[in-house]
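In what follows, a structure is listed as structure tokens, so that the remarks can point back to it.
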Amino acid sequence: LQKILILLQLTLSVVVGKTLMVLFPNAMKRHILKMGEKTRMTQNPKFSYENWGPTFFSFKYLQFVLKVKWKRLEDEAYEGHPAPNTPVVTLGGEVCHLLDFMKDNRPLILNFGSCT
């Protein structure tokens, strides 16, 4: 049900966005450039609006965003529910899943940190 709702919401967003790009191209360009400023995309000198702006609200855009949003559904953890079995990469570079590290009925403890 969640996937269907995401599909409907995103499809509506793409249809409205594409329609606005056709009807008001300059206003949408300004809007997309403002969004790019927030993510610092516009600070990259190798990219111009002509490189990535027209891809907004395309079918490939819809597919990509849909894939990301559906994947994130699997990664959400809720108190009192089983942990998500998200993909992880070992120090050796092997891709496996989080719950592959479970041993018998022992609890699995995750310790997060960073080295800078």
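The values are calculated or read from the model by the stated rules, or taken from the named source; none is laboratory data. If you're wondering where the values come from, they're calculated on a predicted model, not measured in any experiment. Here Cβ is always computed from backbone atoms with ideal geometry, including for glycine, and neighbour counts include all displayed protein chains. Accessible surface is based on the protein model in full, side chains and every heavy atom, while ligands, DNA and RNA are left aside. Shrake-Rupley method; radii C 1.70, N 1.55, O 1.52, S 1.80 Å.
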Of the conditions (1) open to solvent by 100 Å² or more (accessible area, probe 1.4 Å); (2) of a type in the set (A, V, I, L, M, F, W, C); (3) modelled with pLDDT under 80, L91 satisfies every one except a single condition; which number is it?
(3)
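How many of the residues in region 71-81 are among the charged types (D, E, K, R) and part of a loop (DSSP other than H, G, I, E, B)?
So the answer is 2.
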L98 in contact (Cβ under 8 Å) with a residue 12 or more places away in the chain, within 30 Å of K18 (Cα to Cα) and among the aliphatic types (A, V, I, L, M):
no
Taking V15, is it touching a strand residue (DSSP E or B) at 6+ places or on another chain (Cβ under 8 Å) and either small (G, A, S) or modelled with pLDDT of 85 or more (or both)?
no
Could you say whether any residue in region 43-57 is at positive phi and in contact (Cβ under 8 Å) with a residue 24 or more places away in the chain?
yes
Members of region 73-88 that are surrounded by 11 or more Cβ atoms within 10 Å (Cβ to Cβ) and either aliphatic (A, V, I, L, M) or within 30 Å of T19 (Cβ to Cβ) (or both)
L73, A83, V88
